[in-house]
Structures are given as C-alpha cells and as structure tokens.
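A.B. asks: Just dropping this structure here.
The values are calculated or read from the model by the stated rules, or taken from the named source; none is laboratory data. Keep in mind that what you see is a predicted model, and the values were worked out from it rather than measured. We place every Cβ from the backbone using ideal geometry, glycine too, and count neighbours over all the protein chains shown.
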Amino acid sequence: MNVSVVLFTSDLRLHDHPPLRAALDGSRQVVPLFVRDRAVAAAGFAVPNRLAFLADCLRDLDAGLRARGGRLVVRSGDVVDEVCRVAAETDADEVHMAADVSAYAHRREARLRRALEAQGCRLHVHDAVTTAVPPGAVTPASSDHFAVFTPYFRQWSRQWLRDALGAPRTVRVPDAARSGELPVRAEISEVSPGLASGGESEGRKRLAAWLRGGITAYQDRHDDLAADATSRLSPHLHFGTLSPVELVHRARGAGGPGADAFVRQLAWRDFHRQVLAARPDAATADYRTRHDRWRSERAARADVEAWREGRTGYPVVDAAMRQLRHEGWMHNRARLLTASFLAKTLYVDWRVGARHFLALLVDGDLASNQMNWQWVAGTGTDTRPGRVLNPVGQAKRHDPDGAYVRRWVPELAGLDAPVVHEPWKLRGPERAAYDAYPDPIVDLSEGLARFKRARGYG
Ligand SMILES: Cc1cc2nc3c(=O)[nH]c(=O)nc-3n(C[C@H](O)[C@H](O)[C@H](O)COP(=O)(O)OP(=O)(O)OC[C@H]3O[C@@H](n4cnc5c(N)ncnc54)[C@H](O)[C@@H]3O)c2cc1C
C-alpha cells in the first residue's frame, strides 16, 4: 500500500497545504478528495451564495491538480462513509485532513478516526491549516482559552509560525479513485447578483493586489464605508483558498502600520476560533448570559422583516442590509452597526440576526459570525457589553459624505450629507420627494432606554 487520501474541507488550495504535503511524502500516490457532505446541507449551511463560491473553488482546485498530473475526486453523501469507501477502493492506508473548530468538526473527526481504524487506516489531523495559531496553542494561566482579545493578541503575536509551503509540482492520483461531477455555479439559483468569484487562483490574485496596494492605507481607511478599502479576503479565508499562515507571513513581510493592523484582524479570526473550539455550545447559546428576554412579539417580527429588507428608515442600516443581499458580503463596520441595531436598538435575539447573515454571507462562518454577533450583543467577549452604536453617529463618522448610502439606497441618491443620513428631518415638499423611503421604525432614544431597562444598566 502506498496511497494516501487527503480530505479537503475548509482548505481548498494547493499552496501551503500541510495535509497534502504530508500525504505526498515518500512519493506516495494521493487521492485529493472533497465530499459534498449531506450533513452540512441538512443543517441548512449549504446556502446559494456559499455553494456558488464553493463550485468555483472546486473547479479551480481540480484545474490546479490537473496541471500537476492529478485531479480532484468529488463524492456526495455521508463524509465518513465516503472517505472510508474511497480509502478501501484505492487501498489507502492513511488519510490526512485539517483540524477544525466546530462541534460538528470535532464529531466528524472522532467518527472518522474510529471508522478508519476499523479498516486498518490511520487518520492524521493537521493544525495551523485553517488558522495561523491553532486553538489551544496559547492559553491564559487559569483557563483553556482566552476570553479577552488584547492579552490573547499579545501572546498570539509572539507565537512561532511554521514557514508557508509551496504548492506541489506533481500529484499522482490512482486510477481506481472514481469521482462524481463537479458542481456548476451557473446551475445554482438565488445567488446574489454581485457575488465575488471563488477559487485559489482568484484568491491569490486578490492577495497579490492587496499586498501591492490596499494594505498600506488599511489602518487609516478600514472603517471608511464608501472607500471599500478592506481586503475582501474573508471568503478566501473561509473556504481556505488562502492560508492564514501565509497571509500573516506575507503581511509582516510587507511591513508598516497598515500591515500591522491587517495582521491584528487575522488574529481576531483566530481568537474567535479558539473561543468556539473551547465552547462549541457558543454557536447557539449565550457565551455569557445576560438573562435577556428578547422581544419576539408581532411588532418585533415586523421590525426584523424591515431590518432584513433594508427598510428600517435608518439609511446606513438599510444600505448595509441591501449590500448584504446584493453581494453576499458586507463591510465590517456595517456588520457592527447593523448587528447593534438589531440586538440592542431593536432588542431582538442575536441568533435571529446571525441566522440571516449566515443565509447570505459568502464568508458566513460559524466561529466568526456567531462570536461576532455575540460580541456585538454583549453576550460574548466584548468587555463593554452595554455599548450601543448609534446608526446616525456611525453614518456621519464612517460615511461622512453619504456616498455609501447613496450607492445602496437609490431612493436617497439625490441627497447630500448630512441630511442623507437623517432624511426624516426634511420637511414639507422636500420630504415628499423622498416618500418612497420609509420613516424610522424606532426612535433611537426609546430603543436605547428599552435596552438599558432590559439589561438593568443604570
Ligand atoms: C456581526 C458580525 C458578523 C460577522 N460574520 C463574519 C463571518 O461570518 N465570516 C467572517 O469571515 N467574518 C465575519 N465577521 C468579521 C468581519 O466583519 C469580516 O471578516 C470582514 O468584514 C471581512 O472583510 P475583509 O476580508 O475585507 O476584512 P479585512 O478587514 O481585510 O480583514 C482581514 C481578515 O481578517 C479577518 N477578520 C477581520 N475582522 C474580523 C473579526 N471581527 N472577526 C473575525 N475575523 C475577522 C477576516 O478573515 C478578514 O478577511 C463578522 C463581523 C460582525 C460584526
């Protein structure tokens, strides 16, 4: 036996891929395998935007493997059954895969290990593939994970990182490895019209452009909503078409305050992963309960609908919610203020918002999404759980001339800042010209008072 299986999951790349490199060791034949896992679909996680991006990723991975003499093997069904079947068909004696953090990923790994052992096959799970610093690699003295970012970041920054690996030159795939069809993006319906393209080649192009250009100004411009001056690498990190280890090395290589600020964001990603790895229940349960009795009555349901549709009457909130629907992506500042608006100003359960984001975000990721929602809702790791973002103040600060609002809310395209952020201040015929745009669904000070009352904050 001289065959290894590499199970690709959230690591759909050939560069810097430790499981693939280990599998190829000693000139072994390799089965690069992706399983379209029916449990992921059953959990509602396989939504059109991510399926479309995934289709691009698989196609590109297959093309990259073919250029190296191999091909991608795609199967559908139960992931454990399929891996065991492929291993048996190809006479493989080992399987390599990346470690991951969710409760599902832990169960998958345990099931896979047992099933493979029963047929004489070994499972090797590799760290630092989907994170730069693996969960548990840095811990405080008294706990298995950090609950506060700043001390985490201090230790994270001092961690030794392995070198990034190049892509293999050749990959020999045994003939016995049968593959199903690759999914086709054009056949997936209800995809956001402005969805980005996926795949490692696309990711590497974006990364190269980012390192040449945007990263320098990142520290100064990352919160500017209209400038759109962040990397937009999040879907590539989610699907693993780019390696976080490689990103940290290359950003540090670029140097400067922009690169430092960017690396800090990559550490946030690892931070949330180490929280979820230690507390997998935090995907659905409050990390720290505040004993909330969230609004859920009919009026609350109408508020949620207006929020989802981008018709709250707060232009910056509506712009962001419409960007989400159109692109399957949203600027980080916009995620913060729309989430604060739902969970605090409207006082609606963060899970309702997190679910909507996961239904649309191309980078929709259990750790980053749920833990950020909890952070904003004050049930997570934020050290100031009572802070509420004022959408008008946020808009004036982060969209000072109103360009972001005008881009996404065409009803207000004729208005300048600052009134574009507060159209309800228009009077008489001026207001009538904008009557296609709704009045605010909530008074901000009433929303704030309701939240403070509910939480018992003085
Ligand atoms: C309510 C809410 C929900 C979110 N849901 C997700 C999600 O499902 N998936 C996701 O990848 N990010 C999520 N984020 C984090 C962040 O908004 C996005 O990672 C970022 O906007 C992606 O754009 P970018 O790649 O241009 O980021 P950049 O600013 O260029 O940052 C570089 C990378 O750092 C990571 N990063 C940056 N900020 C964070 C953060 N706060 N938490 C974790 N990682 C971060 C991302 O991988 C990002 O690609 C969420 C944030 C909030 C407030």
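A.B. asks: Name the residues in the range 276-288 that are outside any helix (DSSP H, G or I), of a type in the set (D, E, K, R) and under 22 Å from Ala99 (Cβ atoms), would you? Write out each step before concluding.
C.D. replies: Taking the range 276-288 first, the residues outside any helix (DSSP H, G or I) are 279, 284-288.
Now narrow it down to the ones that are of a type in the set (D, E, K, R): 279, 286, 288.
Matches in the range 276-288: Arg279 only.
A.B. asks: Residue by residue through the range 289-315, note down the ones that are surrounded by fewer than 18 Cβ atoms within 10 Å (Cβ to Cβ), in contact (Cβ under 8 Å) with a residue 40 or more places away in the chain, assigned to a loop (DSSP other than H, G, I, E, B) and not charged (D, E, K, R).
C.D. replies: Residues satisfying the conditions are Thr289, Trp294, Ser296, Gly313.
A.B. asks: Which condition does Arg108 not pass, out of (1) under 20 Å from the mean Cα position of the chain (by Cα); (2) in contact (Cβ under 8 Å) with a residue 24 or more places away in the chain, if it passes all the others?
C.D. replies: Here Arg108 meets the rest and fails (1).
A.B. asks: Still on this structure, please answer the following. Within the range 235-258, which residues are in a loop (DSSP other than H, G, I, E, B) and buried (at least 22 other Cβ atoms within 10 Å of the Cβ)?
C.D. replies: The initial filter retains those residues of the range 235-258 that are in a loop (DSSP other than H, G, I, E, B), namely 240-243, 255-256.
Selection gives Gly240, Thr241, Leu242, Ser243.
A.B. asks: If a residue must be within 24 Å of Asp60 (Cα to Cα) and either surrounded by fewer than 20 Cβ atoms within 10 Å (Cβ to Cβ) or more than 12 Å from the ligand (Cβ to nearest atom) (or both), how many such residues does the range 205-219 contain? Reasoning before the result, please.
C.D. replies: Initially, the range 205-219 is screened for residues within 24 Å of Asp60 (Cα to Cα), giving 205-212.
Then drop every residue that is not either surrounded by fewer than 20 Cβ atoms within 10 Å (Cβ to Cβ) or more than 12 Å from the ligand (Cβ to nearest atom) (or both), which leaves 205, 208-209, 211-212.
Qualifying residue count for the region: 5.
A.B. asks: If you don't mind, there's one more thing I want to ask. Can we say Ser27 is over 19 Å from the mean Cα position of the chain (by Cα), in a strand (DSSP E or B) and of a type in the set (Gly, Ala, Ser)? It would help to see each step written out before you state the result.
C.D. replies: Values: over 19 Å from the mean Cα position of the chain (by Cα): yes; in a strand (DSSP E or B): no; of a type in the set (Gly, Ala, Ser): yes.
Judged against the criteria, Ser27 is not a match.
A.B. asks: Also, I was wondering about something else. Mind checking which residues of the range 100-118 are of a type in the set (D, E, K, R) and over 17 Å from Ala43 (Cβ atoms)? Spell out how you get there, then give the answer.
C.D. replies: Taking the range 100-118 and keeping what is of a type in the set (D, E, K, R), we get 100, 107-109, 111, 113-114, 117.
Residues satisfying the conditions are Arg113, Arg114, Glu117.
A.B. asks: Moving to a separate point now. Which one of these is out of contact with any helix residue (DSSP H, G or I) (no Cβ under 6 Å at 6 or more places or on another chain) and hydrophobic (A, V, I, L, M, F, W, C): Ala251, Ala277? Show your work before the answer.
C.D. replies: Numbers: Ala251 fails: out of contact with any helix residue (DSSP H, G or I) (no Cβ under 6 Å at 6 or more places or on another chain).
Only one candidate qualifies: Ala277.
A.B. asks: Take the residues in the range 176-220 that are in contact (Cβ under 8 Å) with a residue 40 or more places away in the chain, hydrophobic (A, V, I, L, M, F, W, C) and not assigned by TED's automatic domain parsing to the domain that holds Phe262, then tell me which one is farthest from Ala320 (Cα to Cα).
C.D. replies: Top of the filtered list is Ala176.
A.B. asks: Ala46 - would you say it is assigned to a loop (DSSP other than H, G, I, E, B), under 19 Å from Val101 (Cα atoms) and without any contact (Cβ under 8 Å) to a residue 24 or more places away in the chain?
C.D. replies: Values: assigned to a loop (DSSP other than H, G, I, E, B): yes; under 19 Å from Val101 (Cα atoms): yes; without any contact (Cβ under 8 Å) to a residue 24 or more places away in the chain: yes.
Yes.
A.B. asks: Ok, one more. Scan the range 309-342 for residues that are within 8 Å of the ligand (Cβ to nearest atom) and among the polar types (S, T, N, Q) and jot them down.
C.D. replies: Asn332, Thr338
A.B. asks: Scan Gln323, Gln274 and give me the residue that is modelled with pLDDT of 95 or more and not assigned by TED's automatic domain parsing to the domain that holds Pro440.
C.D. replies: Details: Gln323 fails: not assigned by TED's automatic domain parsing to the domain that holds Pro440.
Just one listed residue meets the conditions, Gln274.
A.B. asks: At least 2 residues that are surrounded by fewer than 21 Cβ atoms within 10 Å (Cβ to Cβ) and either within 11 Å of the ligand (Cβ to nearest atom) or within 22 Å of the chain's Cα centre (by Cα) (or both) in each: list the helices (runs of 4 or more DSSP H) lying fully within the range 343-412 that qualify. Show your work before the answer.
C.D. replies: Numbers: elements: 350-360, 366-377, 391-398, 403-408.
Correct list: 350-360.
Yes or no, residue by residue, for (1) at pLDDT 95 or above; (2) touching a His at 6+ places or on another chain (Cβ under 7 Å); (3) loosely packed, with under 15 Cβ neighbours inside 10 Å:
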position	(1), (2), (3)
Ala55	yes, no, no
Arg59	yes, no, no
Glu117	yes, no, yes
Leu123	yes, no, no
His126	yes, yes, no
Ala132	yes, no, no
Val138	yes, no, no
His145	yes, no, no
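A.B. asks: Assuming His222 fulfils every condition listed in (1) within 15 Å of the ligand (Cβ to nearest atom); (2) surrounded by fewer than 16 Cβ atoms within 10 Å (Cβ to Cβ); (3) not acidic (Asp, Glu) apart from one, which condition is it?
C.D. replies: Looking at each condition in turn, His222 falls short on (2).
A.B. asks: May I ask you to say which residue of Arg273, Arg232, Arg269 is part of a helix (DSSP H, G or I), closer than 30 Å to Lys396 by Cα and within 9 Å of the ligand (Cβ to nearest atom)? Even if it seems obvious, please write down each step before you answer.
C.D. replies: Numbers: Arg273 fails: closer than 30 Å to Lys396 by Cα; Arg232 fails: part of a helix (DSSP H, G or I).
Among Arg273, Arg232, Arg269, only Arg269 is part of a helix (DSSP H, G or I), closer than 30 Å to Lys396 by Cα and within 9 Å of the ligand (Cβ to nearest atom).
A.B. asks: Which pairs turn up if I take residues in the range 355-381 that are within 20 Å of His331 (Cβ to Cβ) and not assigned by TED's automatic domain parsing to the domain that holds Asp270 and look for partners that are more than 9 Å from the ligand (Cβ to nearest atom) and among the β-branched types (Val, Ile, Thr) with beta carbon separation below 7 Å, at least 6 apart in sequence or on another chain?
C.D. replies: So the pair list comes out as Ala359/Val47; Ala367/Val101; Met371/Val275; Trp375/Thr381.
A.B. asks: Name, by its number, the condition in (1) closer than 23 Å to Thr9 by Cβ; (2) more than 12 Å from the ligand (Cβ to nearest atom); (3) out of contact with any Leu (no Cβ under 9 Å at 6 or more places or on another chain) that does not hold for Glu246.
C.D. replies: (3)
A.B. asks: Tell me whether the range 70-88 contains one or more residues that are more than 26 Å from Ala167 (Cα to Cα) and assigned to a loop (DSSP other than H, G, I, E, B).
C.D. replies: There is at least one residue in the range 70-88 that is more than 26 Å from Ala167 (Cα to Cα) and assigned to a loop (DSSP other than H, G, I, E, B).
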